[in-house]
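Visitor: Structure in C-alpha cells, see below.
The values are calculated or read from the model by the stated rules, or taken from the named source; none is laboratory data. Computed from a predicted structure; not experimentally measured. Glycine gets a Cβ as well: all are built from the backbone with ideal geometry, and neighbour counts include every protein chain shown. Keep in mind that these areas ignore ligands, DNA and RNA; they rest on the heavy atoms of the full protein, side chains included. Shrake-Rupley method; radii C 1.70, N 1.55, O 1.52, S 1.80 Å.
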Amino acid sequence: MESQLQRAPVNQNDQTLKLLLVDDDAEDLYFLKRLLAKSGRKHNVIEASNVDQAVAQLQQLPDIVLLDYHLGDQNGFDFLGHMQRAGCNLPVIMLTGVDNDELDQLALTKGVADFLPKRVVNPVTLDRSIRYAHRDFMRLQQLEYLAHFDTLTGLCNRRLFMDRLSHSFEGVKRHGTSCALLYIDVDGFKQINDELGHALGDELLRGVAERMSGIVRSSDTVARLGGDEFVILLENISAAEAHRVAQKLLHTMETPIELQQQRIHCSLSIGLCVFNEESRSPDEILTSADRALYQAKTLGKHTYCSYNRNLIDALSRRVLIEQMVQQAVESGEFELHYQPRVCSRHQNVLGFEALSRWSSRDDVQLSPLDCIPVLEAMGLMDPFTCRVINKALVDFPALDALAPGCHLSINVSPSNFASSRVKEYLLDQLHQRGIDPSRIELEVTENLFIERQDSAIPMLEALRAEGVRVALDDFGTGYSSLSYLSHLPIDTIKLDRNFLQAVPHSERSSVLVATIVDLAGKLNLNVVAEGVENQAQMEFLQACGCDEVQGYLTGRPMTLAQLQTLIAPAG
Ligand code: C2E
Ligand code: CA
Ligand code: CA
C-alpha cells in the first residue's frame, strides 16, 4: 500500500547497501561475492539464479541490482522488462561475459547504470561502479521528489496533483464513474502562524497532513497546493460517500493536535465537488471545489459545502450586495432618483419621492428591494438613512426650483426608530440648511407600528411637532386597518400600486379605492395613489377625488439632471 506521505530520499555515503546479485552460474556468483568481500565494504547480499527468482527477490527492496546478461533461456533485459512493468525503479549494473559494443549500446538505451565486462572487473572498479550508480540514482530520486512532492508535508504537490486529476478526469469520461475533489483550508491558519511562529505553523501543517492522509484510501491523492491549502482527490466514489469523507475530515480535526506540549485546536473548511463524465475540464472541477470552499468559509468555517451553481450564484450575489451597501454607507456610493408626485387634476408637480439606486463598479444594477434588507441585516440602516437625508437635502433647493413649494418624500425603515439618531440628524440638517420641516415627508410602513410599538408613535409625534410630515406608505398591502387612519400620527396615505392594479376593471377594487379616498378625505388625510400606469386608472382616480398620483404615467424615478431637462424651472 502506497503511503500518502512521501519522505524525501536521503543519500548516505556510509550506508550498507542491499545488493541483489542475479546470475545463473553458481561459480560466477561465488566469484562476484568474493570481489565484493575484497572491496572491504560491508554489503547485504541477496541472490537469484533466474528471472523468476530475481523478480521474487525484489520484494526484499534491494538498493541496487548486479545483473548478468545470460540467465538460462532468458536474459538480463527480460528481467529489466519485468522491473519496468512492476514500476520498480532501481539502479542496475550489468555484469557480463559477453563483452561487445552492441550489447553495451543496448544496455545504455535500456537505462542500465553501468556495463562491466566480468573479464576486467576487479574489487576496486566494482565497488566504485556500485557507489557511483547508487549516488546518481539517489540524486535522480531527489530531483523527482522535488518535482512532485511538497517538502514540508511529504504530500503530493500541485503538479503531481494536477496530473492525477487529469488522469481521473480521463477515467470518469471513459468509464462513466464519478470521483470527488475536496478543496480544504485550515481555518484561522494565518492567525495561528502569526501567534505561534512559523516553525510551529509548519508543524501544524504537517500534523494536519498526517490526519488527512490517515482517513483516505491508498488510491486517493492528498496534496498541498501551498500555504494552508490542501486538496484531496477521491477516486471512484459516489456523492454520498464523498460527503461522508468530508464529514470524517471535519471530525478528525476535533481532537486537538499536540505540538511541543501545546494542544492546538484547528478546524477545516471544505469545498466538495463530485465530478463525472459531464464535467468539462480538470480546471473547472478545481474552480468549482474552490467556490464551494469559499461558500463553506462564508457559512462560518468548520464546515463543508458541496458545489451547487445556484447556491453559489446566490452567494456571490449576496457578497456583491454586502460590498455595495457597505460602500454606500462608508462613502455614499449610491444615487438618489426622484419620482414626481403630481396633481391628478392639473398635472403639476406637487412633490418628489427620493428612491435609492445602486450600481456596482462593473455596472450590475440592483434594486433597493435587494439592498435594504441587507442593510437591515448588517445593522447599517441608520447611517444609510442619514446618507439619504443628506443627499436629498443637498438636492432640495434644485428640486424646489423645478416645482416651487414641493414636498420631498424620504423613505425610512422601522429600524430607524430604534434610536433617535435619524430623527436628530434630520432636524439638525433641516435647521442648518434653513429648510422648512413641513416641506419634508417621511414615508413609513405599517409594520413600523408593529415592530416599534413603543418608540414609533412618540417619535413621529415629536417630528410632526417640528413640522415634518408623515406618510403611511404601501397602504393596502399589510393589515391596512382602517383604524390606523384615525389614530396614527400621519398626514398622508399612499395607496399601494398592487391595490390599484385591478382598477378600474374590478368593481370590488374600485369600490375599495373610492371608499378609502373618501374616508381619508373625511379624516383630513392627503391621499397619493402609487403606481399609476395608464389613463384609465388616472381618470378613475380623478373621478373619485384622489388629489395626487405617482407612477410611470406621470413620471418615472429620474436623476436630478434628467428632471431638470424634462421640467422647465418655474418662474
Ligand atoms: P416604495 O417606497 O413603494 O417606492 C415606489 C416603488 O414603486 C419604487 O420602486 C418605484 O420605482 C416604483 N414605481 C413607481 N411608479 C411605478 C409604476 O407606475 N409602476 C411600477 N410597476 N412601479 C412603480 P423602487 O425604486 O424599486 O423602490 C422599491 C422600494 O424600496 C421602495 O418602495 C421603498 O420601500 C424602498 N426604498 C427605495 N429607496 C429607499 C430608501 O432610500 N430608503 C428606504 N428605507 N427604502 C427605500
Ligand atoms: Ca415610498
Ligand atoms: Ca409605496
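Visitor: Which numbered condition in (1) under 16 Å from residue 548 (Cα atoms); (2) within 13 Å of ligand 1 (Cβ to nearest atom) is the only one that residue 521 fails?
Guide: Answer for residue 521: the failing condition is (2).
Visitor: Select from the stretch 485-513 the residues that are assigned to a helix (DSSP H, G or I), open to solvent by less than 30 Å² (accessible area, probe 1.4 Å) and either touching a residue at least 12 places away in the same chain (Cβ under 8 Å) or within 16 Å of ligand 2 (Cβ to nearest atom) (or both) and list them in ascending order.
Guide: Of everything in the stretch 485-513, those that are assigned to a helix (DSSP H, G or I), open to solvent by less than 30 Å² (accessible area, probe 1.4 Å) and either touching a residue at least 12 places away in the same chain (Cβ under 8 Å) or within 16 Å of ligand 2 (Cβ to nearest atom) (or both) turn out to be 485, 500, 510, 513.
Visitor: Moving to a separate point now. Looking at 564, 542, which is the one that is away from ligand 2 (no atom under 16 Å from the Cβ), closer than 20 Å to residue 354 by Cβ and not in a loop (DSSP other than H, G, I, E, B)?
Guide: Matching residue, one of 564, 542: 564.
Visitor: Here is a further query. Quick one: residue 389 ticks every box in (1) over 30 Å from residue 511 (Cβ atoms); (2) more than 16 Å from ligand 2 (Cβ to nearest atom); (3) surrounded by 18 or more Cβ atoms within 10 Å (Cβ to Cβ) except a single one, so which number is it?
Guide: The failed condition is (2).
Visitor: Could you grab me the full set of residues in the stretch 383-419 that are within 39 Å of the chain's Cα centre (by Cα) and not hydrophobic (A, V, I, L, M, F, W, C)?
Guide: Selection gives 383, 385, 387, 390, 391, 411, 413, 414, 415, 416, 419.
Visitor: Regarding the stretch 438-454, can at least one residue be identified that is crowded, with 19+ Cβ neighbours inside 10 Å, more than 24 Å from residue 374 (Cα to Cα), within 13 Å of ligand 2 (Cβ to nearest atom) and not aliphatic (A, V, I, L, M)?
Guide: yes
Visitor: State whether one or more residues within the stretch 409-430 are surrounded by fewer than 18 Cβ atoms within 10 Å (Cβ to Cβ) and under 30 Å from residue 541 (Cα atoms).
Guide: No: zero hits.
Visitor: Evaluate the following for residue 336: is it in contact with a strand residue (DSSP E or B) (Cβ under 6 Å, 6 or more places away or on another chain), within 11 Å of ligand 1 (Cβ to nearest atom) and farther than 30 Å from residue 274 by Cβ?
Guide: It is true that residue 336 is in contact with a strand residue (DSSP E or B) (Cβ under 6 Å, 6 or more places away or on another chain), within 11 Å of ligand 1 (Cβ to nearest atom) and farther than 30 Å from residue 274 by Cβ.
Visitor: Output the residues belonging to the stretch 190-210 that are in contact with a helix residue (DSSP H, G or I) (Cβ under 7 Å, 6 or more places away or on another chain) and either at pLDDT 95 or above or among the hydrophobic types (A, V, I, L, M, F, W, C) (or both).
Guide: 192, 204
Visitor: Looking at residue 552 and the list (1) aromatic (Phe, Trp, Tyr); (2) open to solvent by 10 Å² or more (accessible area, probe 1.4 Å); (3) in contact with a Leu (Cβ under 8 Å, 6 or more places away or on another chain), which single condition is not satisfied?
Guide: Result: residue 552 passes all but (3).
Visitor: Checking the condition touching a Cys at 6+ places or on another chain (Cβ under 8 Å), part of a helix (DSSP H, G or I) and of a type outside the set (Gly, Ala, Ser), which residue from 395, 400, 382 passes?
Guide: Answer to the selection: 400.
Visitor: Among what's in the stretch 463-474 and is open to solvent by 40 Å² or more (accessible area, probe 1.4 Å) and away from ligand 3 (no atom under 16 Å from the Cβ), pick the residue that is nearest to residue 548 (Cα to Cα).
Guide: Within the stretch 463-474, the match that is nearest to residue 548 (Cα to Cα) is 464.
Visitor: Tell me yes or no: at least one residue of the stretch 516-526 is more than 16 Å from ligand 3 (Cβ to nearest atom), open to solvent by 30 Å² or more (accessible area, probe 1.4 Å) and touching a Gly at 6+ places or on another chain (Cβ under 9 Å).
Guide: There is at least one residue in the stretch 516-526 that is more than 16 Å from ligand 3 (Cβ to nearest atom), open to solvent by 30 Å² or more (accessible area, probe 1.4 Å) and touching a Gly at 6+ places or on another chain (Cβ under 9 Å).
Visitor: Just give me the residues in the stretch 150-160 being closer than 26 Å to residue 200 by Cβ, outside any loop (DSSP other than H, G, I, E, B) and open to solvent by less than 40 Å² (accessible area, probe 1.4 Å), in sequence order.
Guide: Correct list: 156 only.
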